[in-house]
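Contents: one structure, followed by commentary.
Computed from the coordinates by the stated procedures, all read-outs in this text should not be read as laboratory data. What you see is a predicted model; the values in this text were computed from it and never measured. Here the Cβ positions follow ideal geometry from the backbone for every residue, glycine too, while neighbour counts run over all protein chains shown.
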Amino acid sequence: PTHTHTHTHTYTMPSSQLPNTIAVHRLRLRAQALRKGIDSASDVVRCQTMREAQSFLTGSQIRKTLFLEAIAPARLFSLLETGSEEQTIAVCRCIQALCLWDGFLWMLENDDSLHDRPSALFSILDSQHTSIGVRVAAMCCLKALFAAPRQVRESLLKALKTVKLWWEMTRETIEQNRNNPTVLCALGDLITAIFSHPDDQWAPGFPMDGPRDFLGQLSAPQDTLEFLLAESHTSTTPMVQYSLFRAFVALLDRGSVYSGHALERTKLCKFVHLLLSHDEPSFCLLGLHCLSAFSRILEFPSDDSEIRELRWRGFFLLMAFLEHDMHDPDYQQVPLFFGNLVLSDRKLELQRAAAQGGAMNFFKRLLSQRDSLDARSIDYVVGGLLGLIERCPTTQAIAIRENFLPGLLGLAAHAAPSVRAKACLCLRVLCRSIDSQPQIFLETNVVRPLILCLSDPSPEVREFSLAAVCNVVLDFRNLRAEMLKQGVLALIIQCLDGPLSLRECALWSIKNLLYLAQPLLKREVIAKLTWDRLFGFLRDQHRTRYVQFQALGILRNLAYKDVSSICSGAGPELFVVLSELLQSSSASHLRSALYCVANLATGSEHKKALMNPLIIKQVLTSLDFDNSQVQAAALWCVVNLTWPTDAGSEERVQRLAEMGFAAKLRELLDLIPQNELGSFGGQLRACMQHFRSTNTLISEESS
């Protein structure tokens with residue numbers, strides 16, 4: 001298999017630092033001569049010069065540096081828009097050669113004026129008068145450019161959306177060139193490059209954003225996917241067959257997150273069986289890639305015997321492939337395929353079999369060799385480990401017992417952001433494992449690496465390290481105190497200014513930090529967060545994204561004990577916000593809002609404000625809500641508002657009775673059978689006895 005060159009280093013143009021030798025001087029003169037030829041008015045001279053440039057660029061990085069010193073990249077791309085077809089082919093090949101050098105990719109990434117230049121290649125593909133030779137050259141050049149850094153790829157993907165009838169053109173190209181393997185291989189490799197860049201590789205927990213958004217909009221329609229699959233089967237040339245197979249798997253793995261559901265299960269299963277049965281390991285690995293992709297994308301019944309057989313067959317093949325040398329690029333992605341496959345098993349049979357088969361020992365060995373593996377290999381290893389431990393207590397226990405933590409903490413400081421992010425996700429899982437012991441986390445000094453990750457320039461790393469912090473501050477009190485000493489609160493507050501997903505995670509961390517917290521910590525949190533900002537989150541409209549829900553958890557935990565000293569600075573705005581929140585149609589939001597009212601009702605100075613008709617009417621309405629947990633929360637509000645030893649309780653009981661509470665409680669008691677009262681039976685009976693009940697405060701624990 002051919003592998004896409006990836007950008008792994010940052011380069012500055014080193015022309016001023018080149019050795020002052022006769023050889024370098026001659027190369028510089030030759031590059032300047034090429035520039036004169038390219039600037040010639042004669043089309044014949046330009047074409048001849050570009051052919052010479054191809055030969056010049058096949059040498060060392062010094063040659064490429066001197067070439068770009070003499071000929072600006074913008075000038076090179078401008079030649080795509082003018083001149084003969086022969087010149088266009090030569091220019092495409094020169095750009096393709098330059099893409100093999102990270103210095104050129106660095107220039108494309110950091111020079112804003114170059115971001116849109118490569119899109120001229122799509123105009124060549126979109127033209128009806130372009131010859132096959134030019135199309136092939138343009139496709140090969142685009143394939144090389146799609147290996148460029150993120151900003152360049154995003155610009156290319158935006159340009160691809162403007163190409164008219166892209167998928168119709170793809171089908172026409174295949175139909176018209178069935179006997180031309182060069183064209184078919186170029187097209188298949190281009191589709192693969194578009195949809196399978198390693199930086200956009202899926203892993204458990206990773207959001208589908210950035211380039212993935214564009215990929216979703218570019219997803220191939222069902223008939224094109226089926227056509228590509230059929231052409232892959234009918235081709236008699238191994239190179240073409242492999243190239244089209246790769247393109248189909250790339251579409252399934254990335255684009256079919258959106259459109260792959262249209263494919264029939266039977267066709268997919270036959271395709272995977274064909275690949276897994278192939279004699280060539282490269283085809284077999286493609287089958288494993290496809291199996292791992294559709295296992296996580298498409299939800300099949302757990303009792304589907306055909307899928308079950310495929311998964312177990314793929315599982316045993318992957319277990320065998322795990323023993324291959326990870327320095328071999330053909331097998332780099334095997335750990336990630338393995339993690340994705342076992343993660344798709346909701347019954348955890350594959351995870352337990354992996355644990356019994358010694359798969360965790362393989363990952364432990366690779367983690368110990370992390371310094372000898374390149375960034376891409378270790379990225380796949382950590383992604384695979386994440387899939388293996390994500391849902392399975394057995395593998396989590398092995399990871400903790402076999403001391404995976406030091407290796408993961410080391411990777412939290414890795415140079416590659418995706419490795420750091422996946423390492424933080426693994427730490428999140430292990431911090432929440434039922435086998436986690438506080439002493440282990442104290443001994444391995446888990447706090448400092450997570451604190452450093454909260455200041456990471458990558459939003460994903462900050463988000464996933466916050467997810468680990470969420471679990472640490474909830475479950476390990478000693479680690480919570482150590483994190484507070486090292487300034488975790490200020491870092492969490494800073495994350496509230498980040499993207500939406502990061503903001504949600506920051507609010508979740510604050511909520512967990514406040515769980516059963518001492519009054520001193522509560523006052524510190526609200527001083528840094530401020531009531532105005534909390535009210536803003538409570539009024540947030542992204543209800544499906546949990547911002548408002550997490551803010552409700554913060555208020556609920558703030559109001560747990562010491563209500564008077566903590567909530568006295570909130571002012572009357574607090575009760576206005578509560579009256580708005582109690583109108584929610586979401587059971588989870590309404591339940592949390594009611595528990596906020598119940599906890600606030602334990603503070604004597606707040607009872608009068610809570611007797612506001614807007615709030616009380618919503619509490620009364622909630623008693624009819626078709627959810628027993630919401631009804632139980634509403635009853636706690638009544639219990640705490642009418643607590644008999646508090647001043648003014650008789651007056652509040654009388655007022656609530658006048659508003660219809662007594663009648664509603666009798667109605668509930670009469671209508672609901674005794675064996676269906678569930679969790680709120682005790683509260684209901686206590687309220688009926690003149691609202692006398694034990695004053696229990698509810699604080700929220702996050703899972």
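A compact table of results
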{"item": "Taking only Cα atoms of the range 301-346, radius of gyration then Dmax in Å", "result": "11.9, 38"}
{"item": "Additional length obtainable on full extension of the chain from Leu500 to Arg308, 0.36 nm per residue less Cα span", "result": "65.3 nm"}
{"item": "Cα-based Rg of the range 593-645 normalised by 2.2 N^0.38 Å, two decimals", "result": "1.04"}
{"item": "Inter-probe distance in nm under a simple model that places probes 7 Å from Cα toward Cβ, at Arg448 and Arg477", "result": "2.6"}
{"item": "Distance in nm between pseudo-label sites at Thr266 and Glu168 (7 Å out along the Cβ direction from Cα)", "result": "3.1"}
{"item": "Cβ crowding within 10 Å averaged over residues, with 418-427, 315-324, 131-140, 40-49 ranked highest first", "result": "418-427, 131-140, 315-324, 40-49"}
{"item": "Estimated inter-spin distance, Lys608 and Ala33, nm [label 7 Å along Cα→Cβ]", "result": "9.7"}
{"item": "Extension reserve of the Glu52-Gln176 stretch, reckoned as 0.36 nm per residue once the Cα distance is removed", "result": "41.4 nm"}
{"item": "Extension gain from Leu274 to Arg26, taking 0.36 nm per residue of separation minus the Cα-Cα distance", "result": "83.7 nm"}
{"item": "Value of Rg to Rh for the range 353-402 (Rh from inverse mean 1/r over Cα pairs, i.e. Kirkwood)", "result": "0.97"}
{"item": "³J(HN,Hα) computed for each position of the range 237-247 - Karplus, 6.51 cos²θ - 1.76 cosθ + 1.60, integer Hz, glycine/proline x", "result": "9, x, 4, 5, 4, 5, 4, 6, 4, 4, 4"}
{"item": "The range 8-118 - percent relative contact order, Cα under 8 Å, separation 6 or more", "result": "32"}
{"item": "Positive-pole candidate from Pro329, Leu373, Leu343, dipole of the range 304-383, charges at beta carbon", "result": "Leu343"}
{"item": "Orientation-averaged projected area, Cα convex hull of the range 383-434 (nm²)", "result": "3.1"}
